[in-house]
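Structure record follows, encoded as C-alpha cells.
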Amino acid sequence: MNAILSDSFFLTLLVVAIVLLICLYVLYGTFKSIFSILYPTAYKERAPKKQATVYDQLTDYVPVEEEHTILMDHEYDGIRELDNNLPPWWVYMFYVCIVFAISYLVYFHMMGGASQKDEYVQAVQKHNDMKRAFAAAHPKLIDESNVSVLDDAVSINSGKNAFEKNCQTCHAKDGIGSAGPNLTDEFWLYGGSAESIFATIKYGKIEKGMPNWVGKISSSEMQQVMSYIKQLKYVAPPIGKDPQGEKFVEQVLSDSTVVVADTLKK
C-alpha cells in the first residue's frame, strides 16, 4: 500500500483511466440521445426482440426479415444503413481488457508484482535448489539431468585427486591440456555447462580418444571432477594448450542464479 501511495506517476495514470471510463460512459449516453433526436423514426420503429438463447444474447443479431425495424432514415446513392448494435460478446471482451489493464497497472507497476523476468529467475533458482537437494539426498543417482556444481573444499579436493589420478595423462596437470584439450579456457568441444562436462566424463567421446567412466568411478566422483574442472584458473598459451571448440559463456541474471548459455549441441 505504501508503494501505491508513493508512486504518484502511476497513481495519476490510474485516476486518468477511471476518468476516461466515466467520460466514455457519459459520451455513450450523449450520442445515443443525439441519434434518437436525429433519427426518431428508426428509434421508434425499432422493436425489441425476445432473446431466447445464449447465442442471441451474445450476438444481438436482427433477423433479415426484421431488418426494416433498424433501418436508418438517411440514404446515399440508394444505399441505406442498418442501426446494428455492437455484438455484446465484443463489448464484454473490451470491458474485460479495460479491467485487466487497470489490474495489471496496479499490481505490476504500483504494488511491485513480480515481472516475467523475476518469475523466470525465481523458477531457475528453485530448480537449482531442487537439483542440489536431490543430489545431496541421492548421491548415487546423480546424472546429467540433476548434476550441479559443488563448491565446498572437500568436494573440490576430492575432484582434484580423482582428476590427477584419471585425467592428468591426457589433460596435463591443472587441466592445461596435452593430448586432450585445455580445460582452463572458455572454449569447449562438447559444451562447458556443468551438465555437458558431466555427460562428457560419464559417456566419453570414444572416437576422439576420450574414454567413458561409467562403472569405473561413481557418479558423485564424476560430479566432484566436474566441479574441480569448473573452478580451474585460465592458463594461456604457450603454457596452456591452444583453444579448441566454441566459446562458452555463463550468463548471470542475479547474484544467486546462473543461467547457462551453452550453444553447443550434445
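The values are calculated or read from the model by the stated rules, or taken from the named source; none is laboratory data. No experiment lies behind these values; they were computed from the predicted model shown. Neighbour counts run over all protein chains shown; Cβ positions are idealised from the backbone, glycine included.
Find all pairs meeting these conditions: Cβ atoms under 8 angstrom apart; at least six residues apart or on different chains; first residue within the range 106-117 and farther than 20 Å from Val15 by Cα and assigned by TED's automatic domain parsing to the domain that holds Ala17; second residue surrounded by fewer than 15 Cβ atoms within 10 Å (Cβ to Cβ) and modelled with pLDDT under 80.
Every condition considered, no pair remains.
So Leu183 passes all but one of these: (1) farther than 24 Å from Ala236 by Cα; (2) in a loop (DSSP other than H, G, I, E, B); (3) not acidic (Asp, Glu). Which condition number does it fail?
(1)
From the list Gly191, Gly209, Gly177, which residue is small (Gly, Ala, Ser), over 18 Å from Lys160 (Cα atoms), touching a residue at least 40 places away in the same chain (Cβ under 8 Å) and in contact with a helix residue (DSSP H, G or I) (Cβ under 9 Å, 6 or more places away or on another chain)?
Answer to the selection: Gly191.
Quick check: anything in the range 245-253 part of a helix (DSSP H, G or I), surrounded by fewer than 20 Cβ atoms within 10 Å (Cβ to Cβ) and aliphatic (A, V, I, L, M)?
Within the range 245-253, not a single residue is part of a helix (DSSP H, G or I), surrounded by fewer than 20 Cβ atoms within 10 Å (Cβ to Cβ) and aliphatic (A, V, I, L, M).
Just give me the residues in the range 115-154 being among the polar types (S, T, N, Q), surrounded by fewer than 14 Cβ atoms within 10 Å (Cβ to Cβ) and modelled with pLDDT under 90, in sequence order.
Once the filter is applied, which keeps residues that are among the polar types (S, T, N, Q), surrounded by fewer than 14 Cβ atoms within 10 Å (Cβ to Cβ) and modelled with pLDDT under 90, the range 115-154 yields Ser115, Gln116, Ser145.
Test of understanding: among Thr12, Thr41, which residue is at pLDDT below 80, in contact with a strand residue (DSSP E or B) (Cβ under 7 Å, 6 or more places away or on another chain) and in a helix (DSSP H, G or I)?
Testing whether each residue is at pLDDT below 80, in contact with a strand residue (DSSP E or B) (Cβ under 7 Å, 6 or more places away or on another chain) and in a helix (DSSP H, G or I) leaves just Thr41.
Going through Phe134, Phe100, Phe163 one at a time, which residue ends up being aromatic (Phe, Trp, Tyr), out of contact with any strand residue (DSSP E or B) (no Cβ under 9 Å at 6 or more places or on another chain) and in the same structural domain as Ile18 (by TED's automatic domain parsing)?
After applying the criteria, what remains is Phe100.
May I ask you to say which residue of Gly175, Gly191 is in contact with a Lys or Arg (Cβ under 7 Å, 6 or more places away or on another chain), surrounded by 19 or more Cβ atoms within 10 Å (Cβ to Cβ) and assigned by TED's automatic domain parsing to the domain that holds Val249?
Checking each option against the conditions leaves just Gly191.
Residues are listed down the side, and each one gets a yes or a no for (1) more than 23 Å from the chain's Cα centre (by Cα); (2) outside the structural domain of Met222 (by TED's automatic domain parsing):
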{"residue": "Arg80", "(1), (2)": "yes, yes"}
{"residue": "Trp90", "(1), (2)": "yes, yes"}
{"residue": "Asn128", "(1), (2)": "no, yes"}
{"residue": "Ala153", "(1), (2)": "yes, no"}
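Could you list, in sequence order, all residues of the range 212-238 that are in contact (Cβ under 8 Å) with a residue 60 or more places away in the chain, hydrophobic (A, V, I, L, M, F, W, C) and either closer than 19 Å to Ser193 by Cβ or not assigned by TED's automatic domain parsing to the domain that holds Glu144 (or both)?
Passing the criteria: Met222, Val225, Met226, Ile229.
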